[in-house]
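The structure appears right after this line, and notes come after that.
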Amino acid sequence: MIDPADFRSLRWTADGPVCLVMLDRPDVLNALNVELKEELRAAIELAAERPDVRAVVLTGSGRGFCAGQDLEEVAAGDEPLDFEREVREHYIPLVLAIRDLEKPVVAAVNGVAAGAGFSLALACDIRIAAETASFVAAFNAVALVPDTGMSWLLPRLVGPGRAAEILLGGGRVSAAEAERIGLVNRVVPAADLLAEATALARRLAEGSPLASGLTKRALNVALETGFGETLDLEARHMGIAGRSADHREGLAAFREKRRPRFEGR
Ligand code: T3D
């Protein structure tokens, strides 16, 4: 298991059941170079492995959330970058790590989220934005195309028409507009962002880890399958959850009028 102290381009801190992952290349608005992409994936894997972690908050340091691919790194290479390989080796595993993590992930979008940084915010389960946040597809401006799941995730959140305007138009979506179109769950004053996101993550972390993991899995699968398959999956998950120690604890807590103590079993 990686030691959080070894991360160089992000900060990983656990405070009780909530782990804060802060992208930490503020001079370039937390643009994703190879090191940061690899560390972010390792950070999510660490959150998965640590049983004490029950929810994750993802944010950026400084005035940006994440400006997407580090374009200086692209320009600096001796050889032209093999974009397809880069997407397959780094971006796809990253987005899958977040989506497949059976713990809630809250994006605390503190500033601009551009390109693959926008996609990262979309991959999280819930987005809380600061008033200073904004979203820019950015791909088109450098003659690239949406990746990291953007073409799939964005229309499901805001609808195909708005997604087309954002992806083809390339303009900035303000925090207020993002809230209006359902791109973020809510907008809060910048000074309150981390406290709000962490408080939400703490509330989510109070749920049964088993039931929350199954719920996240069902929500993800339901986006891709039909109603019948979802009914079937829900029934199977209910079978698993209903046999769990957490369910027995939940029932006992209800009857004893106290808060449940879930252990994820
Ligand atoms: O590798 C692959 O397989 C391809 C994958 C691609 C996925 C992608 O993410 S493609 C899209 C890449 N991202 C972009 O194109 C965004 C580029 N950045 C911008 O358009 C703007 O910086 C922003 C709209 C994000 C923010 O604008 P603003 O005015 O608030 O800030 P700024 O002044 O432009 O940027 C501040 C600094 O960050 C600046 O450096 P400086 O001048 O202070 O030394 C700027 O160069 C740097 N920076 C911003 N974005 C990037 C970056 N440096 C490297 N890479 C970046 N993406």
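In degrees, nearest 10, range 0 to 90: what is the angle between the Cα axis of helix 227-242 and the longest Cα principal axis of the chain?
50
Where the accessible area of the chain is counted over protein heavy atoms with a 1.4 Å probe, how much of it, in %, is carbon and sulfur?
Here it works out to 55 percent.
What are the lysines whose alpha-carbon lies under 18 Å from the alpha-carbon of LYS216, with same-chain residues fewer than 8 places away excluded?
LYS216 reaches LYS103.
Restricting to the chain, what percent of DSSP beta bridges are antiparallel, rounded to 5?
Bridges in the chain are about 30 percent antiparallel.
About the Cα centre of the chain, how large is the charge dipole given +1 on each Lys and Arg Cβ and -1 on each Asp and Glu Cβ? Please answer in debye to the nearest 20.
For the chain, the charge dipole is close to 1480 debye.
Could you tell me the distance between the Cα centroids of segment 187-224 and segment 1-68, to the nearest Å?
If we compute the Cα centre of each part, the gap is 17 Å.
For VAL18, which sequence-distant residues (separation of 5 or more, or a different chain) have an amide H within less than 5 Å of its own amide H, given hydrogens modelled in the peptide plane?
ARG54
Return the long-range amide H neighbours of LEU10 (sequence gap of 5 or more, or a different chain), with a cut-off of under 5 Å between placed amide H atoms.
The list, which skips near neighbours in sequence, is ASP24.
Let me spell out the model: positive unit charges on the Cβ of Lys and Arg, negative unit charges on the Cβ of Asp and Glu, origin at the Cα centre of segment 1-102. What dipole size does that give, in debye rounded to 20?
500
Could you pull out the GluC sites (Glu not before Pro) across segment 180-248 that fall in loop regions by DSSP (anything but H, G, I, E, B) with no more than 13 other Cβ atoms inside 10 Å?
When the GluC sites (Glu not before Pro) of segment 180-248 are filtered for loop state and at most 13 Cβ neighbours within 10 Å, GLU224 remain.
Taking θ as phi - 60°, what are the ³J(HN,Hα) couplings along segment 115-120 by the Karplus curve (6.51, -1.76, 1.60), each to the nearest whole Hz, with x for Gly and Pro?
In residue order, the calculated couplings are x, 5, x, 5, 4, 4 Hz.
For segment 161-236, build the charge dipole from Cβ charges (+1 Lys, Arg; -1 Asp, Glu) around the Cα centre, then report which of VAL221, ALA199, GLY171 sits farthest towards its positive end.
Going by the charge dipole, the pick is ALA199.
Rounded to the nearest angstrom and ordered from largest down, what semi-axes does the equivalent ellipsoid of the chain get from its C-alpha gyration tensor (root of 5λ)?
Each semi-axis is √(5λ); the values are 32, 21, 18 Å.
Taking amide H positions as placed 1.01 Å from N in the peptide plane, with prolines and chain starts having none, which residues 5 or more places from THR132, or on another chain, fall under 5 Å of its amide H?
For THR132, the qualifying residues are ALA190.
Relative to the longest principal axis of the C-alpha atoms of the chain, give the angle of the C-alpha long axis of helix 209-222, reported between 0 and 90° and rounded to the nearest 10°.
50
Can you find, among ALA31, LEU10, VAL56, the residue sitting farthest towards the positive end of the charge dipole of segment 1-81, where Lys and Arg contribute +1 and Asp and Glu -1 at Cβ?
VAL56
Hand me the trypsin sites (Lys or Arg not before Pro) from segment 1-99 located in a DSSP loop with no more than 15 other Cβ atoms within 10 Å, in residue order please.
For trypsin sites (Lys or Arg not before Pro) across segment 1-99 that sit outside H, G, I, E and B with at most 15 neighbouring Cβ atoms in 10 Å, the list reads ARG8, ARG63.
State the answer as a single residue: which of PRO160, ILE128, PRO93 lies farthest towards the positive end of the charge dipole of the chain, with beta carbon charges of +1 for Lys and Arg and -1 for Asp and Glu, about the Cα centre.
Working it through, the farthest residue towards the positive pole turns out to be ILE128.
The values are calculated or read from the model by the stated rules, or taken from the named source; none is laboratory data. Quantities reported herein were computed from a predicted structural model and do not represent experimental measurements. Every residue, glycine among them, receives a Cβ derived from its backbone with ideal geometry; neighbour counts consider all protein chains shown. Quick note on the areas: whole protein, heavy atoms, side chains included, nothing else; ligands and nucleic acids left out. Shrake-Rupley method; radii C 1.70, N 1.55, O 1.52, S 1.80 Å.
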